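The values are calculated or read from the model by the stated rules, or taken from the named source; none is laboratory data. Predicted, not measured: the structure shown is a model, and the values here were computed from it. Using ideal geometry, Cβ is built from the backbone for each residue, glycine included, and neighbour counts are taken over all protein chains shown. To get the accessible areas, we keep the full protein, side chains included, count just its heavy atoms, and leave off ligands, DNA and RNA. Shrake-Rupley method; radii C 1.70, N 1.55, O 1.52, S 1.80 Å.
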Amino acid sequence: MTREEALNSIKANVENGNLIKHMLATEAIMRALARRLGEDEEEWGLTGLLHDIDVELTQGDMHSHSKLGADLAGELGASETVTHAILCHNEAHGTPRETKLDKALFCVDPLTGLITAAALVRPDRKLASLEANSVMKKFKQKGFAAGANRQQITQCSEIGIEFDQFIEVGLVAMQAIAADLGL
Ligand SMILES: [Fe+2]
């Protein structure tokens, strides 16, 4: 499956522009992490890009979410490694995260929301002027972007990256696609 095929399938299954942007941001961070950790950039990127493809189709049913997504990704030709990571990013199934890819997707997923929210409270509402320090401060404010699960983000330790480095990599990766994110 090419990236274009994956993106076409996302556009066929997802109407919400913010959800598509979330998947693009997740892809960008996953790619950057793969480069840094010496992992397969295409595989990690595709996992991030596709991980929430079923969110609208499953309409909030957490027992279907990510099962259907893994199936859809498999039908598109994604590897077992990719579909497993998609499946276990939703803890409702009780599927253990085993691979580094599984663990990476899990901690990257909420990071995109934290960084997006931190950009949106800047005077210019842009990513360009946002600094990692500022994201760290927002991380510590529990009420800020409360949906961005802090405990989940700190599990970056499980893929061998320091927390402050993780924030930095995520921010830089999102800044690089700021135009696509409308930020
Ligand atoms: Fe997600």
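Computed on the Cα trace of segment 81-158, the radius of gyration divided by the Kirkwood hydrodynamic radius gives Rg/Rh = 1.05. With a cut-off of 15 Å between beta carbons, the residues surrounding ASP164 carry a summed charge of +2, where Lys and Arg count +1 and Asp and Glu -1. Ratio of Rg to Rh for segment 121-176: 0.96 [Cα atoms; Kirkwood radius as inverse mean 1/r over pairs].
Treating each Cα of the chain as an identical point scatterer and summing with the Debye formula, the log10 of I(q)/I(0) at q = 0.11, 0.18 Å⁻¹ comes to -0.42, -1.20.
Across segment 14-103, the mean sequence separation of Cα contacts (distance under 8 Å, 6 or more residues apart), normalised by length, yields a relative contact order of 21 percent. Please compute the contact order of the chain in relative form: average sequence separation of alpha-carbon pairs under 8 Å and at least six residues apart, divided by the residue count, as a percent. RCO, the chain: 21 percent. Residues in segment 53-67 carry Karplus couplings, in order, of 4, 9, 4, 6, 5, 8, 6, x, 7, 5, 7, 9, 4, 6, 6 Hz; the curve used is 6.51 cos²θ - 1.76 cosθ + 1.60 with θ = phi - 60°, and Gly or Pro positions show x. Segment 137-183 and segment 1-60 have Cα centres lying 17 Å from one another. When GLU27, GLU15, GLU4 are compared by accessible area of protein heavy atoms, the largest-first order is GLU15, GLU4, GLU27, using a 1.4 Å probe.
At a 1.4 Å probe, what is the % contribution of carbon and sulfur to the accessible area of the chain? Ligands and nucleic acids excluded, carbon and sulfur reach 48 percent. For segment 1-97, a Kirkwood radius taken over Cα pairs fed into Stokes-Einstein (4 °C, viscosity 1.567 mPa s) yields D = 98 µm²/s. Each stretch of four or more DSSP H residues adds -39500 (n - 2.57); spread over every residue of the chain, this sum gives -19000 deg cm²/dmol at 222 nm. Taking every protein chain into account, the accessible area of the chain amounts to 47 square angstrom per residue (probe 1.4 Å). Considering only alpha-carbon pairs that sit under 8 angstrom and 6 or more positions apart, the relative contact order computed for segment 104-165 is 46 percent.
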